[in-house]
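Trainee: The structure follows.
The values are calculated or read from the model by the stated rules, or taken from the named source; none is laboratory data. For clarity, every value in this text was computed on a predicted model and none was experimentally measured. FYI the Cβ positions are ideal-geometry reconstructions off the backbone, even for glycines, and counts take in every protein chain you see. Remember, those area values only see protein heavy atoms, side chains included, never the ligands or the DNA or RNA. Shrake-Rupley method; radii C 1.70, N 1.55, O 1.52, S 1.80 Å.
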Amino acid sequence: MRAALQVQLTSLASSPAVQKALAGALTEAPAAGRSLAADILGRASLREAPAVWLEALARQIPKATAAELPALVQAARAQRLPKAGHAGLVHALSRVGADPQVPAALRLEALAAAAAHAGTPEPAVLDFLLAHLSANHPLAMRQAAAEPHDRARLTPAQQLRLAAALATAG
């Protein structure tokens, strides 16, 4: 039943009424409804993410439970942001990426989602990313740590630190 509903709503995601309903479910529904809405947002393939979805994700990510956060970050990462980005969502994702209480893989995913619009990474975030480039981490984690560097706006000093870290990366 859930799978059929998910397929149907995903196919209707271009409708403004469905977009608004999904945003409302993401922020106001019980946990199962929020989960379904996050999954649909993550699967919908729209040319540009609706503003109502970006607002809903920006509001929901900071108050998400540990169980809900991965689906929300995945949904946020799947969105095609407008050229100017979305400050609220980028801020929410950046906060997840900076939180040492969040599992490393999820932090890396959040930072990758925010990287194109996040500006210069904070020193602690850069330290975290550089540490995960080292050869003692699995390849998938090193790739995830490299992705935010590809789109981040690094200062010259940060570029030098990145170059030094890449010299020892596996």
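Trainee: Name every residue in segment 127-150 that is open to solvent by less than 30 Å² (accessible area, probe 1.4 Å), assigned to a helix (DSSP H, G or I) and out of contact with any His (no Cβ under 9 Å at 6 or more places or on another chain), in order of residue number.
Mentor: Within segment 127-150, Phe128, Pro148, His149 meet the criteria.
Trainee: Further, regarding this structure: Let me confirm something: among Leu160, Leu166, which residue is free of Cβ contacts under 8 Å to residues at least 12 places away in the same chain, of a type in the set (A, V, I, L, M) and open to solvent by 70 Å² or more (accessible area, probe 1.4 Å)?
Mentor: Just a single option satisfies the conditions, and that option is Leu160.
Trainee: Assigned to a helix (DSSP H, G or I), over 20 Å from Ala144 (Cα atoms) and open to solvent by 40 Å² or more (accessible area, probe 1.4 Å): does that describe Val7? It would help to see each step written out before you state the result.
Mentor: Numbers: assigned to a helix (DSSP H, G or I): yes; over 20 Å from Ala144 (Cα atoms): yes; open to solvent by 40 Å² or more (accessible area, probe 1.4 Å): yes.
So Val7 fits the description; yes.
Trainee: Here's something else I'd like to know. Just to verify a result, which residue in segment 39-60, among those that are assigned to a loop (DSSP other than H, G, I, E, B) and aliphatic (A, V, I, L, M), is surrounded by the fewest Cβ atoms within 10 Å (Cβ to Cβ)?
Mentor: Leu46
Trainee: Filter segment 10-21 down to the residues that are more than 15 Å from Leu36 (Cβ to Cβ) and part of a helix (DSSP H, G or I) and list them by number.
Mentor: Hits for segment 10-21 are Pro16, Ala17, Lys20.
Trainee: Kindly indicate which of Ala56, Ala51 is closer than 21 Å to Thr10 by Cβ and out of contact with any helix residue (DSSP H, G or I) (no Cβ under 7 Å at 6 or more places or on another chain).
Mentor: Criteria check complete, one pass: Ala51.
Trainee: Assess whether Pro148 counts as being of a type outside the set (Gly, Ala, Ser) and either touching a Gly at 6+ places or on another chain (Cβ under 7 Å) or in contact (Cβ under 8 Å) with a residue 40 or more places away in the chain (or both). Give the derivation first.
Mentor: Details: of a type outside the set (Gly, Ala, Ser): yes; either touching a Gly at 6+ places or on another chain (Cβ under 7 Å) or in contact (Cβ under 8 Å) with a residue 40 or more places away in the chain (or both): yes.
Judged against the criteria, Pro148 is a match.
Trainee: To continue, here is another question. Scan segment 22-38 and give yes if some residue there is within 16 Å of the chain's Cα centre (by Cα), in contact (Cβ under 8 Å) with a residue 24 or more places away in the chain, open to solvent by 20 Å² or more (accessible area, probe 1.4 Å) and more than 20 Å from Ala146 (Cα to Cα), otherwise no.
Mentor: yes
Trainee: With the structure loaded, tell me whether Ser134 is in contact with a strand residue (DSSP E or B) (Cβ under 7 Å, 6 or more places away or on another chain) and within 26 Å of Ala165 (Cα to Cα) or whether it fails that test. Walk me through how you get there before you give the answer.
Mentor: Details: in contact with a strand residue (DSSP E or B) (Cβ under 7 Å, 6 or more places away or on another chain): yes; within 26 Å of Ala165 (Cα to Cα): yes.
Criteria met by Ser134.
Trainee: Please state which one of Gln60, Gln101, Gln74, Gln79 is out of contact with any strand residue (DSSP E or B) (no Cβ under 6 Å at 6 or more places or on another chain) and without any contact (Cβ under 8 Å) to a residue 12 or more places away in the chain.
Mentor: Of Gln60, Gln101, Gln74, Gln79, the one residue that is out of contact with any strand residue (DSSP E or B) (no Cβ under 6 Å at 6 or more places or on another chain) and without any contact (Cβ under 8 Å) to a residue 12 or more places away in the chain is Gln101.
Trainee: Next question. If you check Lys63 against the conditions, is it of a type outside the set (Gly, Ala, Ser), farther than 20 Å from Ala114 by Cβ and modelled with pLDDT of 95 or more?
Mentor: no
Trainee: Within segment 110-118, identify whether any single residue is touching a residue at least 12 places away in the same chain (Cβ under 8 Å), in contact with a His (Cβ under 8 Å, 6 or more places away or on another chain), over 30 Å from Ala51 (Cα atoms) and not hydrophobic (A, V, I, L, M, F, W, C), and answer yes or no.
Mentor: No, segment 110-118 contains no residue that is touching a residue at least 12 places away in the same chain (Cβ under 8 Å), in contact with a His (Cβ under 8 Å, 6 or more places away or on another chain), over 30 Å from Ala51 (Cα atoms) and not hydrophobic (A, V, I, L, M, F, W, C).
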